[in-house]
Amino acid sequence: MNMTIPGAHVIDVRTSLPRHKTLKYGRRKPSDIRSAALHHSATKSGSPEAFARYHVGTNGWPGIAYHFVIQKDGTIYWCNDLETISYHVGNSNRHALGICLVGDFRTQQPTAAQLDAANRLIQHLQVQIPTMKQVFGHQEYPGYAWKNCPAFPMGTFRTNYSQFLQKAVGKVDKPKQIPVAISLNGSLLSVTGFLQDGVSMLPVRAVANAAGGKVEWIEQTKDVRVNGMDLNEKVIDGSAYAPARELAAALCLQVEWDGPNKTVKLRGDVKS
Ligand SMILES: [Zn+2]
């Protein structure tokens, strides 16, 4: 499993952490993983070594409970193989991957660096493990309603994570965008596109609707198709934008760039 995560610092401590002399955790296929489980350490400070010593020495477990520990400075410690069925959410262990943020969030707040690292880690894991569709707090697992862990609001966490994903998919520097007008057979449309690195990007759905094209959203691959053609789209704030030339080709339209007026001119037969 590749654990090189852009913008994050990951340290692999899987072979250096204390382990039980004889007991071993069970193993699973990565495709058995369905959710990431967030925990707090419930200690003001700590380290993977300290948690591992406690889980092995005091609890008598085979090894550290968590797959990842995120330190306050955002450093991610990789503690268990993803295939390891460690103890952290009881009956849900087989299908959950444990991520612990160091801190006692009953009285402290997670740091911005920790939350950013958690977003990057979960995004990376969801690409590597497509079955890991959910992100829950420890408390949200069956039988744990009584447990105040991770002790920060999971609804807020998930909202922020969705926003993080949107930005990551868009990867567009907003200030660099220059708006462009769009005309179809001489009439200006009410929507605009933008210029990015010399390419006009047009809103797929609005333009396709105006031209009578068929838009499909392929959920599995998060791809947009117009009249069956796959586009190199970017999703920004929930809307897909595609290069003018690609979109025009999919809609069987001629495309012309009017530089002085910053307008993309589309022409052709429009089905209505
Ligand atoms: Zn927990």
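Derivation of every value follows stated rules applied to the coordinates shown; laboratory data play no part. Everything numeric here is computed off the predicted structure, so don't read it as measured data. Cβ placement follows ideal geometry from the backbone for every residue including glycine, while neighbour counts extend to all protein chains displayed.
Comparing mean-square fluctuations of 177, 128, 163 from a GNM of the chain with C-alpha springs under 10 Å, the top value falls on 177. Placing +1 on the Cβ of every Lys and Arg and -1 on the Cβ of every Asp and Glu, with nothing else charged, gives segment 91-166 a dipole about its Cα centre of roughly 160 debye. Residue by residue, segment 41-48 carries 3J(HN,Hα) couplings of 7, 6, 10, 5, 9, x, 8, x Hz when phi is fed to the Karplus relation 6.51 cos²θ - 1.76 cosθ + 1.60 (θ = phi - 60°); x denotes Gly or Pro.
Between residue 187 and residue 23, the simple label model (points 7 Å from Cα in the Cβ direction) yields a spacing of 7.2 nm. If you run the Gaussian network model on the chain, springs between alpha carbon atoms under 10 Å, then out of 41, 183, 86 the most flexible one is 183. One Cα centroid belongs to segment 115-159, the other to segment 1-31; the line between them spans 18 Å. Structural descriptor for the chain: relative contact order 16 percent, calculated from alpha carbon pairs under 8 angstrom and at least 6 residues apart. Taking Cα centre as origin and charging only the Cβ of basic (Lys, Arg, +1) and acidic (Asp, Glu, -1) residues, the dipole magnitude of segment 1-83 rounds to 280 debye. Under the simplified labelling scheme, the residue 1-residue 232 pair shows an inter-label distance of 3.2 nm, with each label point 7 Å from Cα along Cα→Cβ.
An oblate overall shape is assigned to segment 174-267, the ratio a/c of its alpha-carbon gyration tensor axes (a ≥ b ≥ c) being 1.5 or greater and a/b not exceeding b/c.
Among the listed pairs 222/265; 214/262; 44/234; 72/167; 24/133; 133/262, which are separated by more than 30 Å between their Cα atoms? With Cα atoms farther than 30 Å apart: 44/234; 133/262. Converting phi to 3J(HN,Hα) with the Karplus coefficients 6.51, -1.76 and 1.60 and the offset θ = phi - 60°, segment 21-37 yields 5, 10, 6, 10, 5, x, 10, 9, 7, x, 6, 6, 7, 10, 8, 9, 10 Hz in sequence order, with x at every glycine or proline.
Relative to one another, the C-alpha centroids of segment 68-85 and segment 232-260 are positioned 42 Å apart. When the chain is treated as a Gaussian network with alpha carbon springs shorter than 10 Å, the biggest mean-square fluctuation among 129, 70, 218 belongs to 218.
If you sort the three axes of the alpha carbon gyration tensor as a ≥ b ≥ c, you get a/c of 1.5 or more for segment 218-272 and a/b no higher than b/c, which makes it oblate. Temperature 20 °C, viscosity 1.002 mPa s: under these conditions the Stokes-Einstein estimate for segment 10-170, based on its Kirkwood radius over C-alpha pairs, is 137 µm² per second.
Using θ = phi - 60° in the Karplus curve 6.51 cos²θ - 1.76 cosθ + 1.60, the 3J(HN,Hα) couplings for segment 2-17 round to 7, 10, 8, 10, x, x, 10, 10, 10, 10, 8, 10, 4, 8, 9, 6 Hz; x is entered for Gly and Pro. Segment residue 145..residue 12, full-extension length gain: 44.7 nm, with 0.36 nm per residue of separation and the alpha-carbon distance subtracted. Amide H contacts for residue 223 (H built 1.01 Å from N in the peptide plane; partners 5 or more residues away or on another chain; cut-off under 5 Å): 218.
For segment 178-272, the Cβ-based charge dipole about the Cα centre amounts to some 220 debye (Lys, Arg positive; Asp, Glu negative; other atoms uncharged). In the chain, the calculated helix contribution to ellipticity at 222 nm averages -6000 deg cm²/dmol per residue, counting -39,500 (n - 2.57) for every DSSP H run with n ≥ 4.
Between residue 131 and residue 159, the modelled label-to-label distance comes to 3.2 nm, taking each label 7 Å out from Cα in the direction of the beta carbon.
Over all directions, how big on average is the projection of the convex hull of the alpha-carbon atoms in the chain, in square nanometres? Result: 17.2 nm².
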